[in-house]
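Step one of this worksheet: look at the structure below.
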Amino acid sequence: MRAKKAVKYFVIIPIGILALLILLNNKQLKSQVFGPIKYRTVVMKPGNISVPHERTLAWKNKSAFADSIYRIIASMPITEEMLLKKGNTTRILLARLMLKQNVAEVNEILQKMTAWGNCGSSWSMNPKGDYDFTLTILTTILWKFGDDTDIIYPETKRHLLDVLLIADGGKFSYSAPKTLGLYTETENHMLMTEGSRYLKNRWIRLHGNSDSYYNNVQNGMEVKLLSLMEEMKTNGLYEFNSIPYLGYTITALLNIEAFASEEVSQTARDVLDYINWSYALSSLNLKHFPPMRRRYEKASIQELTTDYHAAFVKSWLSYSEIENYDKNVGVAGIHAMMGACMPYRPPDQFVEMLFDKNDGYFVRQGHGPGASPEISSAGKNFLISAGGVNRGRRSQVVTRPICLFLNDDSDHLSEVIHLSGPGNDFMQWNNTGVYKNFACAAGPVSIPLDMQSVDAEGNWSSFSCVNDVTVVVYSTDSLGLMAVFEDVGPTVVFKEVLKNNPNPELLHSQFQFPGGPLLKYDVKAKKDQWVMVADNDQKLDRDYDSWPLIEGDL
């Protein structure tokens with residue numbers, strides 16, 4: 001008998017402890033007891049470069065680019081099968097409504113639709129997740145057209161509110177579905193689901209329902225949504241530069257910015273301004289190839305001007321006075337449409353910085369522990385973009401080559417000077433070796449096939465580029481160096497570089513700029529250390545886990 005009791009307690013006690021641990025770590029329960037909780041443990045310092053918010057530019061009311069995007073998407077077919085799963089159905093319907101095209105048919109399709117799944121990340125235990133991708137665009141349709149009975153019929157609106165918009169009330173989901181509250185939901189899903197929940201509540205309240213269930217202040221939705229966005233505003237994004245998720249994060253923020261209360265709308269605008277400022281600092285003429293978090297299968301992408309973020313930027317620019325820019329959005333048309341049809345417009349300095357780097361700058365952007373930094377060095381007519389570093393498979397960071405962008409029409413990695421290494425496995429690279437007018441990596445420098453050197457000697461070569469940009473390169477299988485100069489004679493500076501750097505062995509750890517600093521670096525640096533070591537005798541802060549959000553010389 002005693003043995004049976006001992007066995008019984010031996011089983012019950014561990015189960016009890018396990019249940020207690022689950023309860024104590026359940027994010028949903030914590031939020032219900034304590035209110036807003038942090039979805040990340042990182043606390044970032046702001047740095048010395050502020051995100052600009054000033055808006056004085058005049059924006060046009062119409063855009064031929066936007067209309068063309070609407071027409072392309074509106075012309076896509078919708079099948080019965082598409083109504084039952086994640087896809088572009090709602091965006092096609094939105095495009096048709098923007099054109100006021102096939103309005104009766106759009107209403108008919110909306111009334112036939114069902115809530116085919118549930119919100120939140122899909123995985124093996126939640127195979128019907130991801131409904132929030134649909135929910136977000138349905139929310140856009142409700143808010144843009146729900147008060148116009150000629151566009152959205154009364155019976156369609158009832159179906160939207162009663163059947164399709166499934167998230168309401170005050171249940172803010174911090175955790176991924178079917179994970180016992182233990183696994184934090186991703187940024188894009190939280191914003192899509194909880195932004196849509198908040199906006200449905202707000203719609204119902206503004207249309208006469210005083211039930212406290214829909215009161216975003218009383219049910220805690222407003223303070224929780226604000227807390228989430230404040231974290232993104234001050235700590236940056238976890239899913240930074242993500243392909244594909246950044247597009248959905250921006251879409252959710254555009255909804256909130258357009259339709260939320262004044263305070264919530266302003267906070268969403270601030271987050272969008274931060275995301276866009278980050279893009280402006282690390283791009284030139286819409287060339288953008290930064291490190292990104294999520295997803296590894298996107299590592300093979302080599303297009304420079306058609307990432308999902310660029311699609312939004314191009315849609316906003318189409319309402320500006322700027323005409324001469326690459327308007328190709330590739331496969332990101334659905335995101336260009338969302339940028340075009342929503343009221344958000346970026347700050348003045350963002351627009352200026354896209355195309356005009358003034359006299360140049362050097363900027364470092366931190367993304368917190370276990371992530372990759374972004375490092376950019378710009379001159380008047382060039383930008384060096386660091387490729388970052390993978391921090392182990394669970395970090396989900398895709399490392400890119402270090403790229404040199406010029407004021408030209410290149411739009412593919414093969415068309416720009418770039419370097420990375422060692423080898424071809426991006427998970428082994430530490431491509432943080434970018435400094436002022438300089439880059440280095442543990443692999444060779446790749447030169448576009450049509451770019452001919454003006455000088456060459458041994459492993460050295462130099463190239464004369466557009467706008468009086470000269471690039472001096474040193475390249476072997478295990479070491480690549482790149483120094484960039486403006487408004488100098490290519491042959492003269494080439495000779496000066498070789499004169500100041502005569503010892504090939506020393507080049508593995510240092511480079512002397514003619515008339516400038518002695519830079520020291522370690523291209524085989526550990527993955528938690530910046531490749532750059534020192535500027536003259538001044539040691540550099542190599543711990544990029546502790547770097548502020550945005551700092552540098554601007």
Query raised in the report: Once Rh is set to the Kirkwood radius over Cα pairs, what Stokes-Einstein translational diffusion coefficient, in µm²/s, holds for the stretch 61-350 at a temperature of 10 °C and a viscosity of 1.306 mPa s?
Result: 82 µm²/s
Query raised in the report: Using r as the Cβ-Cβ distance of Arg393 and Gln529, and R0 as 25 Å, what FRET efficiency do you calculate, to the nearest 0.05?
Result: 0.85
Report summary line: Too long for a 28 Å Cα-Cα cut-off, among Lys327/Lys380; Lys357/Lys524; Lys298/Lys526, are Lys357/Lys524
Report task. State which stretch of the chain is the longest one without any exposed GluC sites (Glu not before Pro), exposure meaning a DSSP loop state and at most 10 other Cβ atoms within 10 Å. Result -> 81-320
Query raised in the report: Hey, if you put +1 on the Cβ of every Lys and Arg and -1 on every Asp and Glu Cβ in the stretch 366-521, which of Val484, Asn390, Asn467 ends up farthest toward the positive end of that dipole?
Result: Asn390
Query raised in the report: Separation between the Tyr296 and Asp150 pseudo-spin-labels, each 7 Å from Cα along Cα→Cβ, expressed in nm?
Result: 5.5 nm
Requested in this report: Starting from the amide H of Thr432, placed 1.01 Å from N in the peptide plane, find each other amide H under 5 Å away whose residue is 5 or more places distant or on another chain.
Outcome: Gly388, Val531
Requested in this report: Could you work out the relative contact order of the stretch 270-356, using alpha carbon pairs under 8 angstrom and six or more residues apart, expressed as a whole percent?
Outcome: 38 percent
Query raised in the report: By count of other Cβ within 10 Å, fewest leading, how are Met98, Met427, Met482 ordered?
Result: Met427, Met98, Met482
Report task. Just need the relative contact order of the chain here, percent rounded to a whole number, with Cα pairs under 8 Å and 6+ apart. Result -> 13 percent
**Report entry** Axial C-alpha extent at least 20 Å, average Kyte-Doolittle at least -1.0 - helices from the chain (DSSP)
**Finding:** 2-25, 131-145, 187-206, 221-235, 245-259, 262-281
Query raised in the report: Going by how many other beta carbons lie within 10 Å of each one, how would you line up Phe494, Phe355, fewest first?
Result: Phe355, Phe494
Query raised in the report: Counting other C-beta atoms within 10 Å, which of Lys200, Lys100 has the fewest, and how do the rest follow?
Result: Lys100, Lys200
Query raised in the report: Which residues' amide hydrogens lie under 5 Å from the amide hydrogen of Gly47, considering only partners 5 or more residues apart or on another chain, with H built in the peptide plane?
Result: Leu549, Ile550
Requested in this report: Figure the gain on full extension for Asn500 and Val33 (residue separation times 0.36 nm, minus the Cα-Cα span) and round it to one decimal in nm.
Outcome: 161.6 nm
**Report entry** Potential lengthening between Val331 and Lys62 on full extension [0.36 nm per residue; Cα-Cα distance subtracted]
**Finding:** 94.5 nm
Requested in this report: For an R0 of 60 angstrom, estimate the FRET efficiency from the Cβ-Cβ distance between Glu457 and Tyr213 and round to the nearest 0.05.
Outcome: 0.20
Report summary line: HN-Hα couplings for the stretch 171-183 via Karplus (6.51, -1.76, 1.60; θ = phi - 60°), in whole Hz with x for Gly/Pro, come out as 7, 7, 8, 8, 10, 5, x, 6, 10, 6, x, 8, 10
Report task. Once you have the Cα-Cα distance between Thr491 and Asn536, take 0.36 nm times their residue separation minus that, and quote the gain in nm to one decimal. Result -> 13.7 nm
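Laboratory data are not the source of any read-out in this text; all were calculated from the coordinates shown. All of these numbers come straight from a predicted model, not from anything done at the bench. FYI the Cβ positions are ideal-geometry reconstructions off the backbone, even for glycines, and counts take in every protein chain you see.
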